[in-house]
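Notes for the one structure printed next.
No lab work stands behind these numbers, since they all come straight from the coordinates. Note that this is a predicted model, so its numbers are computed, not measured.
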């Protein structure tokens, strides 16, 4: 299993997601920050960076953490990690779109689309795939 539910970093991020769902953003941020501090390898750092990015109030900071998560994912030489690329590129594309950099947003949305075949045919995979298709249509109307 790629993400061991017993891994302390994964557990902290799961707890942080629970806090997000309860609307407790500050508690979630603390848990994700703790996960980042505890992370000892690129997989753990990638997970922590991905979730910590979600709590950033500033698009530039969110982009920084999203790009770091992608860089860490790319550094992991495990084909299974590539199934995370669509989501990571989608997040980065959204940051660029929010910043008004539509060409860069489109670049990341197209990269996300390239990896869609690696997604599972399930609720999550379909959600990400739909998000990418919607983003490409949206960004095309802005270019």
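Relative to the longest principal axis of the Cα atoms of the chain, the long axis of helix 8-21 lies at roughly 60 degrees. By the helix-only formula, in which each DSSP H run with n ≥ 4 contributes -39500 (n - 2.57) and the sum is divided by residues, the chain has a 222 nm mean residue ellipticity of -24000 deg cm²/dmol.
Shape analysis of the chain based on the Cα gyration tensor places the equivalent ellipsoid semi-axes at 25, 18, 14 Å, largest first.
Axis angle, to the nearest 10 degrees, between helix 123-142 and the longest C-alpha principal axis of the chain: 40 degrees. The value of relative contact order for the chain, using C-alpha pairs under 8 Å at least six residues apart, is 16 percent.
One compactness figure for the range 1-56 is 1.00, namely its Cα radius of gyration divided by 2.2 N^0.38 Å.
May I ask for the percentage of alpha-carbon pairs in the range 61-128 that lie more than 18 Å from each other? Summing the P(r) tail past 18 Å for the range 61-128 gives 36 percent.
For the chain, with a Gaussian network of springs between Cα atoms less than 10 Å apart, report the residue from 107, 67, 26 with the top mean-square fluctuation. Comparing 107, 67, 26 in a Gaussian network model of the chain, the most mobile one is 26.
Axis of helix 42-53 versus longest Cα principal axis of the chain: the two differ by about 70°, to the nearest ten degrees. Normalised by the number of residues in the range 1-56, the average gap of Cα pairs under 8 Å and 6 or more apart makes the relative contact order 35 percent.
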